[in-house]
Amino acid sequence: MEEKRQPGERTIRLITSVRLPDVHHVPEGYDRYGRFAILQSGNFWFGDERSSHPHCRIGFYYATIGRQLFLSPRGVAHGFEEELTGDLLEFLLGKLGWRGGRLVRGEVNR
């Protein structure tokens, strides 16, 4: 049964199956690309494509195409999706100006 959307609700599709080690690996037609991280202190950090990761516990890359949010770990990070907590995703969505969106997991149709 399909979920009913609330009027004005924006759905953001979260895609973690694409590796984004640099801007050259981003799917064609991307709107934004950059980096974010969980620092050693536990605080969150956000940067654009001209940034580099600071000293962090775990780093990530993001790219957007429309309302699709592509997320990838920095380096080898088996199980990195467990680090994508509600607080971290809320922080990232806020930085992207996407507050109030509903996240759904999805994959890229190739």
Mind sorting Thr85, Thr64 by how few other Cβ atoms lie within 10 Å of their own Cβ, fewest first?
Thr85, Thr64
Check Ile65: other-chain or 5+ apart residues with amide H under 5 Å from its amide H, H built from backbone geometry?
Asp31, Phe70
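Readers should treat all values here as calculations from the given coordinates under stated rules, not as data from a laboratory. Worth saying up front: this structure is predicted, and the values here are computed from it rather than measured. Because the Cβ atoms are built from the backbone with ideal geometry, glycine has one as well, and the counts that use them run over all protein chains shown.
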